[in-house]
Amino acid sequence: MNAVAASMTVEDPEVFLAMEDLDLVGRGLADAVWHGQHQSLMRGPGVEFHSHRPYQPGDDLRRVNWSLLARQRRLYVRESRAESRRPVYLVLDSSASMSIQHGPSSKHQYGKRALAGAAHLARRQGDAPALHLTHGPSLPPRNSKDHVSGICAALSGCVAEGAADMAAALLEMRPFCRQRGFILFISDFLEQEEAIFAQLAAFRAQGHDVFALQVLDPVEVSLPEGGDYDFMEPETGGHLRTAAEPIRTAYARRVAEWREGLRRLAGAQDVRWYSTTTSQSLVATLRGWLG
């Protein structure tokens with residue numbers, strides 16, 4: 001990456017919300033996210049077991065060996081040896097609802113940039129990124145600069161349109177994910193939540209580590225103040241005209257409850273969950289999701 005791009009990654013990460021070159025965006029995001037990290041990202045509970053060590057404050061409680069605690073009355077955590085070149089399967093919801101945009105980026109554009117950054121991060125830590133699109137090609141896992149550039153090019157050409165059965169799409173990609181690795185799935189989760197999580201749970205049962213990122217538009221989280229608005233369902237074309245102010249508080253409460261329910265559902269399925277909006281820094285999102 002050239003010096004100009006390198007300076008942008010650290011000093012002005014928000015620039016990635018407006019940049020169109022996904023390969024450059026991905027490299028810049030990887031550099032910005034990696035900056036200050038002292039260990040690999042995407043190291044979930046599925047890596048190969050290696051040894052135990054005494055528990056230290058801040059350790060992931062999922063790694064505690066509760067059987068040892070019962071026998072020895074002392075806390076130990078499982079240490080893992082990272083398996084080299086694990087595949088990182090990148091999956092993006094490209095249904096029409098992902099095209100919603102109020103601000104510098106649609107949900108789909110935001111997701112594409114996040115996956116471009118994840119692809120470069122995967123390659124940097126020695127893993128092999130792969131890509132599966134609901135409206136586009138599937139690229140197998142490989143670890144090379146040209147392959148990651150190809151992933152970014154495929155993402156660039158992907159558009160959000162029509163209705164998509166994401167649960168069926170995840171089922172169909174099972175044969176594509178033969179080797180145990182990481183599933184990185186991005187969606188707005190506006191439909192089929194339970195069916196989608198059932199498919200993600202099936203990937204967990206196969207030994208994959210699953211990371212789910214929910215991307216929402218800020219207006220989907222909090223209605224605008226004052227005025228009458230036309231709300232349109234992008235996948236069906238349905239319209240609803242209403243005043244926002246009388247329902248803003250109740251709407252925000254229901255959305256918060258819905259997001260919390262999804263977080264709990266993800267936790268019950270041992271899926272790494274992160275929910276964000278397109279107004280949040282991509283750097284912060286990737287650190288929160290994959291870190």
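Among the residues making up the range 264-275, a single one is surrounded by fewer than 16 Cβ atoms within 10 Å (Cβ to Cβ) and among the charged types (D, E, K, R): 264.
Being touching a His at 6+ places or on another chain (Cβ under 9 Å) and surrounded by 24 or more Cβ atoms within 10 Å (Cβ to Cβ) is true of residue 89.
Once the range 150-164 is narrowed to residues that are modelled with pLDDT of 90 or more and surrounded by fewer than 17 Cβ atoms within 10 Å (Cβ to Cβ), the residue that is farthest from residue 98 (Cα to Cα) is 153. When 29, 69 are checked against the criterion of being at pLDDT 80 or above, part of a helix (DSSP H, G or I), surrounded by 12 or more Cβ atoms within 10 Å (Cβ to Cβ) and hydrophobic (A, V, I, L, M, F, W, C), a single residue qualifies: 29.
Regarding the range 245-256, can at least one residue be identified that is at pLDDT below 95, assigned to a loop (DSSP other than H, G, I, E, B) and closer than 18 Å to residue 191 by Cβ? For the range 245-256, residues at pLDDT below 95, assigned to a loop (DSSP other than H, G, I, E, B) and closer than 18 Å to residue 191 by Cβ: absent. Among the residues of the range 165-175, those that are loosely packed, with under 15 Cβ neighbours inside 10 Å and more than 14 Å from residue 137 (Cα to Cα) comprise 168, 171, 174, 175. With respect to the conditions (1) modelled with pLDDT of 90 or more; (2) closer than 24 Å to residue 161 by Cα; (3) out of contact with any helix residue (DSSP H, G or I) (no Cβ under 7 Å at 6 or more places or on another chain), residue 202 falls short on a single one, namely (2). Restricting attention to the range 54-77 and to residues that are of a type in the set (D, E, K, R) and under 27 Å from the mean Cα position of the chain (by Cα), the residue that is farthest from residue 270 (Cα to Cα) turns out to be 59.
The values are calculated or read from the model by the stated rules, or taken from the named source; none is laboratory data. Since we're looking at a predicted model, the values are computed, not measured. All Cβ positions, glycine included, derive from the backbone under ideal geometry; neighbour counts span all protein chains shown.
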